[in-house]
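The values are calculated or read from the model by the stated rules, or taken from the named source; none is laboratory data. Here the structure is a predicted model, which is why all the values come from computation and not from measurement. Ideal geometry is used to build each Cβ from the backbone, glycine not excepted, and the neighbour counts take in all protein chains shown. These area figures cover heavy atoms from the full protein model, side chains too; ligands, DNA and RNA do not enter into them. Shrake-Rupley method; radii C 1.70, N 1.55, O 1.52, S 1.80 Å.
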Amino acid sequence: MSKLETQMRREVLEIPTAVDRLLTNGASEMARAADALRQRDPNFMISVARGSSDHVATYFKYASELLLGIPVASVGPSVASVYERKLNLAGSACVSVSQSGKSPDIVEMARMAQTCGALSFAMTNDATSPLANVNDHTLDLHAGPELSVAATKTFVTSAVSAIWLLAETAKDDALLNAIKGLPEVLAHAVDNTWPEVAAKIGSRTSLFCLGRGPAYAISNEAALKFKETCQLHAESYSSAEVLHGPVSIVDAGFPVIALTAKDAAEDVLVQVADEVAAKGASVFVTSSKARRAQVLPAVRTGHPLTDPIALIASFYAMVETVAVARGMNPDTPRHLNKVTETV
């Protein structure tokens, strides 16, 4: 338990309830959106997002390609907002993710995508936002008010919405059952605070986060949250890339967190985690298969595509304790606002 009862901690503990509310209140609109996506049967999709929302989009990309075989490309919002260009999006689908739905560049890119022929979807925590008004389908996150600057429950509900849309489109019963069970699973995940990681980070000023496949999106979000809440220089790498140069800065005790789902990428990520540990780094990995790296207890969801959601819930619970231990209030990171509006 943190000495400071932060708003971030309260919101992390609200994640299971927020997901349950999403699954209950968002079912009818999700069914309509999935039916429309199934009928469109796009050859490709694009995503529009920034910050934490862009990490949700990366998760959506991997899940779409693995589950539906539909490639997803991230398009820079400035293509529409700054450069005022149009894209050939006939027959495609566009997924925009924004907790506030207010950033002008995200709104303008979504507007352009719709007018250029994409079937458009908005995932937002404000169903009356400007973003919601320029899309064919608005998927309300139903996360409730999020007051801490660091997004937690809105990230998780965005990720659940993303995988739910794909599962409903594919009519994948196994995945849908795993999604239905997430509230109970996440109640355990937010209690899994990984104190051994917090103890090892200590006063270090730099670390790596590693992932592969859908869990790479979670690694990206983890690195961002270290920067936002702890003022730690954290970098995220695919485990396939970290040995191609970045590993050179690893020294004795250098902290590394390797986040893996129970999927086809687990073995290769663990192999890299063990190799980096052999170089003297303090490596933690969410897999019992590790031999040199220290094993972190991971709450599993019963499906490899939903495992990353439980991983980020546990990470959020841990990173809040790191921030408080370093004398910082994660609710009010310096230089940051809750809503960032870019052009």
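Charge dipole of segment 222-311 (Cα centre as origin; +1 on each Lys and Arg Cβ, -1 on each Asp and Glu Cβ, all else neutral): 220 debye, rounded to the nearest 20. To the nearest ten degrees, helix 266-278 and the longest principal axis of the Cα atoms of the chain are 40 degrees apart. Out of residues 5 or more away from SER74 or on other chains, whose amide H comes under 5 Å of its own, with H placed 1.01 Å from N in the peptide plane? For SER74, the qualifying residues are SER47.
Would you please classify the overall shape of segment 15-168 from the alpha carbon gyration tensor, given that a ≥ b ≥ c denote the square roots of the eigenvalues, rounded means a/c under 1.5, and beyond that prolate means a/b larger than b/c while oblate covers the rest? Since a/c reaches 1.5 but b/c is at least a/b, the shape of segment 15-168 is classed as oblate. The charge dipole of the chain, taken about its Cα centre with unit charges on the Cβ of Lys, Arg, Asp and Glu (plus for the first two, minus for the last two), comes to roughly 480 debye. Protection proxy ranking, highest mean first, for peptides 303-309, 292-298: 303-309, 292-298, where packing is the per-residue count of other beta-carbon atoms within 10 Å, averaged. The residue list ALA63, PRO183, THR115 was ranked by how far each Cα lies along the charge dipole of segment 63-192 toward its positive end, using unit charges on Cβ atoms, and THR115 comes out on top. Counting only DSSP H runs of at least 4 residues, each contributing -39500 (n - 2.57), and dividing by the residue count of the chain, the helix-based mean residue ellipticity at 222 nm comes to -14000 deg cm²/dmol. Pairs from the list LYS102/LYS171; LYS153/LYS227; LYS61/LYS227; LYS180/LYS262 with a Cα-Cα gap above 22 Å: LYS102/LYS171; LYS61/LYS227. Between the listed residues ALA325, VAL295, SER103, the Cα displaced farthest toward the positive end of the dipole of the chain, a dipole computed from Cβ unit charges relative to the Cα centre, is found at ALA325. Taking the centroid of alpha carbons for each part, segment 1-46 and segment 199-260 are 26 Å apart. Rounded to two decimals, the Cα-based Rg/Rh of segment 167-234, with Kirkwood Rh, is 1.10. Centre-to-centre, using Cα atoms only, segment 47-100 and segment 142-167 are separated by 17 Å. Classification of the chain by its C-alpha gyration tensor yields a prolate form. The axis ratio a/c (a ≥ b ≥ c) is 1.5 or more, and a/b outweighs b/c.
What size of dipole, in debye to the nearest 20, comes out for segment 100-245 about its Cα centre when the only charges are +1 on Lys and Arg C-beta atoms and -1 on Asp and Glu C-beta atoms?
300
The residue list MET8, ASN25, ALA159 was ranked by how far each Cα lies along the charge dipole of the chain toward its positive end, using unit charges on Cβ atoms, and MET8 comes out on top.
When you count the other C-beta atoms within 10 angstrom of each residue and take the mean per peptide, 225-238, 196-209, 6-19 line up highest first as 6-19, 225-238, 196-209. Across the protein chains, with a 1.4 Å probe defining accessible surface, the residues TYR62, TYR316, TYR83 rank TYR83, TYR62, TYR316 from largest area downward.
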